[in-house]
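Q: First the structure, then my questions, so here it is.
The values are calculated or read from the model by the stated rules, or taken from the named source; none is laboratory data. Treat the numbers as computed from the prediction; the structure is a model and nothing was measured. Surface areas here come from the heavy atoms of the whole protein model, side chains and all, with no ligands, DNA or RNA. Shrake-Rupley method; radii C 1.70, N 1.55, O 1.52, S 1.80 Å.
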Amino acid sequence: MEELNLFNYKAFQRKSATSKEAFESKKNKITVRDKVHDLLLLKNMSNEQIADELNIPLSSACARVRELQILDLVEDSNYRSLSKFGKKVVLWQGKVKQN
């Protein structure tokens, strides 16, 4: 079995026009992660509130917030709110990108 070299991996299949078109159409668009970050720069929100505001699945909101945490672009605001199930949840706050 041949090992895949991830550093030379292309984002599309070389001979697939559909894959190339999909890649090209997405590369300059704002990502969901960017939308979540922009939203949290405006207002502290829970994962549930983010999902509702952006009309995305809760699992996607949670994943995007985690990615932003790893990139040091969001942090716990030290405020809590109640979810629709009555449980305390973290309100996240955005951090400005440092260049």
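Q: With all protein chains present, calculate the accessible area of residue 70 using a 1.4 Å probe and round the result to the nearest 10 Å².
A: Its accessible surface works out to 120 Å², give or take rounding.
Q: How far, in nm, would the chain grow between residue 98 and residue 52 when pulled straight, counting 0.36 nm per residue and subtracting the alpha carbon separation?
A: Numbers: separation 46, 0.36 × 46 = 16.56 nm, distance 2.83 nm.
Extending this stretch completely gives an extra 13.7 nm.
Q: If the chain between residue 22 and residue 88 were fully stretched, how many nm would it gain, using 0.36 nm times the residue separation less the Cα-Cα distance?
A: Length difference between fully extended and current span is 19.8 nm.
Q: Enter the accessible area of residue 65 (Å², nearest 10), with the probe set to 1.4 Å and all protein chains included.
A: Accessible surface of residue 65 is approximately 0 Å².
Q: Which order do 88, 43 take when ranked by solvent-accessible area (1.4 Å probe, heavy atoms of all protein chains), largest first? Before the final figure, lay out each step's value.
A: Working: 88 165, 43 125 Å².
So the residues, ranked largest to smallest area, are 88, 43.
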